[in-house]
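For reference, the structure discussed in these notes is given below.
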Number of protein chains: 2
Amino acid sequence: MALIVQKYGGTSVGSVERIGAVADRVIRTCRAGHDVVVVVSAMSGETNRLLDLAKQLQARPNERELDALVSTGEQVTTALLSMALLQRGQDARSYTGAQVKITTNSAFNKARIQSIDTQAVMGDLAAGRVVVVAGFQGVNEKGDITTLGRGGSDTSAVAIAAALNADECQIYTDVDGVYTTDPRVEPRARRLDRITFEEMLEMASSGSKVLQIRSVEFAGKYNVPLRVLSSFSDGAGTLITMEDDVVEQAVISGIAFNRDEAQLTVKGVPDSPGIAYAILGPVAEANIEVDMILQNMGADNTTDFTFTVQHVDYEKTLDIVRVQAEALGAREVSGNPKIVKVSVVGVGMRSHAGIAAKMFKVLADEKINIRMISTSEIKISVVVDDKYLELAVRTLHDAFELDAPSALIG
Amino acid sequence: MALIVQKYGGTSVGSVERIGAVADRVIRTCRAGHDVVVVVSAMSGETNRLLDLAKQLQARPNERELDALVSTGEQVTTALLSMALLQRGQDARSYTGAQVKITTNSAFNKARIQSIDTQAVMGDLAAGRVVVVAGFQGVNEKGDITTLGRGGSDTSAVAIAAALNADECQIYTDVDGVYTTDPRVEPRARRLDRITFEEMLEMASSGSKVLQIRSVEFAGKYNVPLRVLSSFSDGAGTLITMEDDVVEQAVISGIAFNRDEAQLTVKGVPDSPGIAYAILGPVAEANIEVDMILQNMGADNTTDFTFTVQHVDYEKTLDIVRVQAEALGAREVSGNPKIVKVSVVGVGMRSHAGIAAKMFKVLADEKINIRMISTSEIKISVVVDDKYLELAVRTLHDAFELDAPSALIG
């Protein structure tokens, strides 16, 4: 008997029929002898419907009120799924984020979970109930409703699994696992049976949309085995786990890419300590997430500073950076929203030299100009013009033989 | 400067345009120098949409889950109205029933308010904010979401007004006040400027749908001046207040009627103490509200017991009563759902004899057979076959000269 946390996204609970199908799946897990906690998103379309109402009433909806508004979407799903379970004879009980005391900080729309009170949930499980928790939401110290930001239901599920010390956290989506790259871009992309937390984290932070990045961080930090599966078909999906548990490992696990980035550059900043903070501090204060950050020496004892943000934050970031740049006496601020980031990811990189060199050569052979490079221990990311996205992904997928399951190291 | 609680029903907040109009009205009240707390219902249609989803998933939706589900409707409106106020430059903040700690008992779907914590609301008002509270909902001791039953938003508003010691509680509806009877039945019905709590209570409990009965009870108990107004037109509406404040008083204030009643009769119950409790105890335990209750001596030391319930509870009540009747050795259980209750209401009755006699004569002249009679100090109700409803109302309205504002006592 295990304790399983299952998370179902918006399309999986998009209609009463689908909620019924989720109830059937949950009950199958119960009948296999497991305790089940279910975390649900809003029914697909509901969050957008609410956002649309909000925007009709306030041009830039107040962040606290927006969270109070959109959090109702998940609350509706929890009650409906509980009813579907009860109708099928399975005792169940719904909880909002506030009721299960998912305490977060006060960063409305982008809150971070600080603690979870598992007492009520444990009591229900002991009484044979399925517990249905609203994903994506929490409550701050003052009792205000907060949300974790879009996709935050994954994070809710993993955080609950960690707090409950669950045996596995299963994320049900509309895809049947993690692929070597997006099959819509490279039809020869292959589903991975296993991948490490680190690789998944790099895949997610590099643009793979399968899982929300913070959920993978959480899962890795608390060592919660995470499984991505399809709610529309059966299959083992992809298990995301510790490196030690992955016995056969390819050099490269996948090619990730992110269309949703924009680049900003501050040129000719007088080089002195604290430059990075002076530029990025106000950006962080505006709750804008910065992805890649590069700092190069420029001419005449000045430095050039480049970073990327999400498209949605591009204009706002430009405004902030222009103010800072002027204060710092920088020569020039420029930006480019028409870029993409392409990354190769794999823990095998650690033991195999020359991956970066091979990547750059493959791209150069296709005459793809590289605008930025950023590396981590198990990832190499390049920023290129957005028109090269498909070409870059397919060329790299082919060069690293990702379609062949035999490309493994012992 | 006064403290005003305003309550807006579902049609008043039925679209973003109407929510905007409500925001404008709230701001006009603020600009007149008043502090304002707004209590809102769900957007019209929303509660039914949610109920429909629930019924598709569970034939008889679980009561706790149903409250968790439908309470989202009001929460959505609070956030949207706050946004509309903020957009117009008026600081505002939304609260759910749980957040403002509207504590209720645990009778899901029909909960009763026990206490309200006014601390947060008072703090917001002191800071110049409009406070927007979700009507219809509360939270029990365990933190479960409860609802007060349909129309409960009126009760929420009055309870909040009482807790805050507000100067007036304004109930905005789709009618512009309280009428001598329903204008759809009697076109000569006249709007009343003032009516006493007691009369309004009798009108409401006798079927007038303008205000939810519990809200009038609350208002009378805590002496909260209550005003019914239209949210679609200007006008003073009808003020519901203490008898002392009503200087000119008609003998009869209005004719109320209720189509939503069904009659049950238990005949030939051996007459012994505790009969009423034995029959009605299990009915009350099933949370079914009983309206009129009559007990007559029958033949052979037995008693006949008659009472009315809402149509929706008719079949369930019959089942319960049949079990009890058999246990008590009663001769017969019968029921009739095709009845209506018609009532004449007025505090003037106290000082004017012969009202009942006049009422019975008027109905007899029209050959309307009276099936039950029930009287209070300021009300006389009769149950008649439903086909006589319109005839009875018009005849009584005419007989008591309710269309003439001159029919007053000094």
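The values are calculated or read from the model by the stated rules, or taken from the named source; none is laboratory data. The structure displayed is predicted, hence computed values, not measured ones. FYI the Cβ positions are ideal-geometry reconstructions off the backbone, even for glycines, and counts take in every protein chain you see. Accessible surface areas use protein heavy atoms only, side chains included; no ligands, DNA or RNA. Shrake-Rupley method; radii C 1.70, N 1.55, O 1.52, S 1.80 Å.
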Two-site label geometry, B:VAL323 and B:SER115: point separation in nm, points 7 Å out along Cα→Cβ
3.6 nm
Whole number please: convex hull volume per residue, Cα atoms of segment A:248-320, in Å³.
140 Å³
Using a Gaussian network model of chain B with C-alpha springs under 10 Å, which one of B:LYS367, B:LYS267, B:LYS209 is most mobile by mean-square fluctuation?
B:LYS367
For the protein assembly as shown, convex hull of alpha carbons as volume per residue, Å³:
187 Å³
Between segment B:257-329 and segment A:191-270, how many Å separate their Cα centres?
66 Å
Tell me, what is a quarter of the convex hull surface for the C-alpha atoms of segment A:255-399, in nm² with one decimal?
9.3 nm²
Give me the accessible area buried between chains A and B, both sides summed, with a 1.4 Å probe, in Å² rounded to the nearest 100.
3200 Å²
Sorted largest first, the Cα spans of segment A:3-174 on the principal axes come out in Å as 50, 33, 23
As a test, work out the antiparallel percent of DSSP beta bridges whose residues both lie in the protein assembly as shown, rounded to the nearest 5.
65 percent
Distances from A:GLU366 to the same residue in each other copy, label points 7 Å out along Cα→Cβ, in nm, shortest first?
8.6
Counting alpha carbon pairs within less than 8 Å and at least 6 residues apart, what relative contact order, in whole percent, applies to chain B?
14 percent
If you place +1 on the Cβ of every Lys and Arg, -1 on the Cβ of every Asp and Glu, and leave all else neutral, what size is the dipole of the protein assembly as shown about its Cα centre, to the nearest 20 Debye?
600 debye
If you take the square roots of the eigenvalues of the alpha-carbon gyration tensor of segment B:74-139 and sort them as a ≥ b ≥ c, do you get rounded (a/c under 1.5), prolate (a/b over b/c) or oblate?
oblate
The answer for trypsin sites (Lys or Arg not before Pro) in segment A:104-142 that fall in a DSSP coil and have at most 12 neighbouring Cβ atoms within 10 Å is A:LYS142
Segment A:267-345: which GluC sites (Glu not before Pro) are DSSP loop and have at most 16 other beta-carbon atoms within 10 angstrom?
A:GLU289
Cα shape, chain B, gyration tensor, a/c 1.5 rule
oblate
Would you calculate the separation in nanometres between label points at B:GLU17 and B:ALA276, each defined as 7 Å from the Cα along the Cα-to-beta-carbon direction?
5.3 nm
If packing is taken as the average number of other Cβ atoms within 10 Å across a peptide's residues, how do B:160-166, B:348-354 rank, most packed first?
B:160-166, B:348-354
Any aspartates and glutamates whose Cα falls less than 12 Å from that of A:LYS110, other than same-chain ones fewer than 8 residues away, would be A:GLU63, A:ASP67, A:GLU289
Give the shape of segment A:185-344 as rounded, prolate or oblate, defined through the alpha-carbon gyration tensor: a ≥ b ≥ c are the square roots of its eigenvalues, a/c under 1.5 means rounded, and otherwise the shape is prolate if a/b is larger than b/c and oblate if not.
prolate
Given R₀ = 56 Å, what would the calculated FRET efficiency be for A:ASP167 paired with B:ASP174, taking r from the Cβ atoms and rounding to 0.05?
0.50
Express as a percent, rounded to the nearest 5, the fraction of DSSP beta bridges in chain A (both residues included) that run antiparallel.
65 percent
Calculate the tail of P(r) for segment B:133-189: the fraction of all Cα-Cα distances greater than 17 Å, expressed in %.
56 percent
So what is the accessible area of segment A:3-174 per residue, in Å², with the probe set to 1.4 Å?
34 Å²
Sorted from largest down, give the three principal axis spans of the alpha carbons of segment B:1-54, whole angstrom values.
45, 20, 10
So for the protein assembly as shown, taking the charge dipole from beta-carbon charges (+1 Lys/Arg, -1 Asp/Glu), which of A:LEU328, A:ILE171, A:VAL384 sits furthest toward the positive end?
A:VAL384
Beyond 18 Å between alpha-carbons counts as too far, so tell me which of A:LYS267/A:LYS341; B:LYS7/B:LYS379; B:LYS341/B:LYS387; B:LYS341/B:LYS367; B:LYS209/B:LYS367; B:LYS221/B:LYS341 fall in that bin.
A:LYS267/A:LYS341; B:LYS7/B:LYS379; B:LYS209/B:LYS367; B:LYS221/B:LYS341
If the label for B:ASN287 sits 7 angstrom from Cα along the Cα-to-Cβ line, what are its distances to the same label in every other copy, in nm to one decimal, shortest first?
3.7
Segment A:172-215, dipole about Cα centre (Lys/Arg Cβ +1, Asp/Glu Cβ -1), debye to the nearest 20:
80 debye
B:ALA356 to B:ASN48: extension gain in nm, 0.36 nm per residue of separation minus the Cα-Cα distance?
106.8 nm
Of all accessible heavy-atom area on the protein assembly as shown, the percent that carbon and sulfur account for (1.4 Å)
48 percent
Teacher prompt: A:GLY89 distances to equivalent labels in other copies, 7 Å Cα→Cβ, nm
6.5
For every helix of n ≥ 4 consecutive DSSP H residues, a contribution of -39,500 (n - 2.57) applies; sum these over chain B, divide by its total residues, and give [θ] at 222 nm rounded to the nearest 500 deg cm²/dmol.
-11000 deg cm²/dmol
If I take the rotation axis that carries chain B onto chain A, which residue of chain B has the nearest beta-carbon, and at how many angstrom?
B:THR72, 2
